[in-house]
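Throughout, read-outs are computed from the coordinates displayed, never taken from laboratory work. Note that the coordinates shown come from a computational prediction; the quantities given were computed from them, not determined experimentally. Neighbour counts are summed over all protein chains in view; Cβ atoms, including those assigned to glycine, are modelled from backbone coordinates with ideal geometry.
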Amino acid sequence: MIRFSPTETITNTFRTNELDPINHRKDHDGRFYSISQSVKKQLFSGGGLPKEYKELSETLNGLSIMVRKPAIELITYLNKTNFDAPVNRYVLYGKTGSGKSVSLAHILHYGSNAGMVLVHVPWVPNWVRFPKGCTPSVIHPNKYDHPIESVEWLRHFSTQNGPLMQKLELKTTETYAWSKREMTAVGSPLSELIDLGMNRAKHATDCVTALLCELKKAALSKRCRVLVVIDGFNSFFSPKSRVRREDKSIVLPTEFVLTDAFLSLTTNDWNNGAIVVSVDASAHPSELRESPLPRYQLGKQGFEHLDPFIPIEVPNYSEKEFHSQIDYYVERNWLQQPKARTERGRAELSFTSGNHPLSLMKLVAPY
């Protein structure tokens, strides 16, 4: 491969020194900001970054996120939110690979810096299409638990919110009986609820349900502020899953206890929080990928569940964002072709990729 001379430099106009997403504005559009290793470990060790993006950040020895217009718009809304009013619901939509998950990662960082309790589902289809094991619920008739996924999610929640939860000292508002001998008494720290679920997989799904219920109550009583972030939300309303009963019939996503729990949290019957979800064609079976628009992806049931909501499109790169991304690849020596520094070379990359973020990432990889 051709490498640049150490004396060659590229104008570092594609980065911003503003590392706090709370302060990101239009002035930062199209610029990258760096995320420290400690923040990356806290927020994304349990998921939240697309696989290709995470692998690339590890290869390039550092996680950077481009400040894009959809995230700026959402941050502007969040900064101006009246948290005494019912929660606003925001739906990110766009073509698969346009950057919705990365925008959600940006918003997660915002929520963490703003002192909000994060309720984050990295990718709903993992529960619907690729579950690690489902069992009939003991407590909820005709419903199904996700024991392994629930343990993993509780661990993810604990990692993201551990220090904040200790500071808030939230406690249960009711007693939860798990068996004849096991219970979580009223007034117990929520950490006990989380620890029980992580250590007892058969109770984990119900612990998730209880935790979400308690967080909703805590937000209503202004003991905390909650940010709900769910990627691939439309998968909750998918017409099928890969989970089957003993008679080989399909268990629908609406028959999962986790679905009920998160749908309850994404209603707007509470305040002191915000709900940000994405809808993506890849969260549905291949026959339901004709349109990226929310009405199509959510279907009638999902659309009515979220209505009213604020739609935010995540489009392909603008010209400014495209050049910023190329500059970033060149600076990190990921793109080493000399043509990448020329207008003609960039025009070829723009035309070939269609300024589609994922396509551009894959296109420059061999070079």
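Across segment 289-297, computed HN-Hα scalar couplings (Karplus, 6.51 cos²θ - 1.76 cosθ + 1.60, θ = phi - 60°) run 10, 6, 9, x, 5, x, 4, 6, 5 Hz from first to last residue, x flagging Gly and Pro. With Cα atoms defining each centre, segment 99-121 and segment 141-207 are spaced 22 Å apart in the structure.
Couplings 3J(HN,Hα) for segment 72-81, derived from phi with the Karplus relation 6.51 cos²θ - 1.76 cosθ + 1.60 (θ = phi - 60°), are 4, 4, 5, 4, 4, 4, 5, 5, 9, 5 Hz, where x marks Gly and Pro. Label sites at Asn82 and Leu220, each approximated as a point 7 angstrom past Cα along Cα to Cβ, lie 2.1 nm apart.
Both radii are taken from the alpha-carbon atoms of segment 68-313; with Rh as the Kirkwood radius, Rg/Rh is 0.95. Close amide H contacts of Arg31 (hydrogens built in the peptide plane, cut-off under 5 Å, sequence separation of 5 or more or a different chain): Val67.
Of the GluC sites (Glu not before Pro) found in segment 227-315, the ones in coil according to DSSP and having at most 15 other Cβ atoms within 10 Å of their Cβ are Glu246, Glu290. Remark on Leu63: its backbone amide H falls under 5 Å from those of Ile35, a criterion applied only to residues 5 or more positions apart or on other chains, H modelled at 1.01 Å from N. Potential lengthening of the chain between Arg344 and Ile22 amounts to 112.2 nm, from the contour at 0.36 nm per residue minus the alpha-carbon distance.
Quick one: which of Lys100/Lys132; Lys80/Lys216; Lys54/Lys95; Lys41/Lys320 span more than 28 angstrom between C-alpha atoms? Long pairs (Cα-Cα over 28 Å): Lys41/Lys320. Under 5 Å between amide hydrogens, built in the peptide plane, is the criterion, and for Val226 it picks out Val117, Gly273, Ala274 among residues at least 5 positions away or on other chains.
Our coupling estimate for segment 83-97, obtained by passing each phi through the Karplus curve with A = 6.51, B = -1.76, C = 1.60 and θ = phi - 60°, is 6, 7, 8, x, 4, 7, 10, 10, 10, 8, 9, x, 4, 4, x Hz, Gly and Pro reported as x. Just going by the charge dipole of segment 68-313, with Lys and Arg at +1 and Asp and Glu at -1 on Cβ, which of Ala85, Tyr176, Pro163 is farthest out on the positive end? Farthest towards the positive pole: Pro163. Based on DSSP H segments of at least four residues, each scored -39500 (n - 2.57), the chain has a per-residue ellipticity at 222 nm of -13000 deg cm²/dmol.
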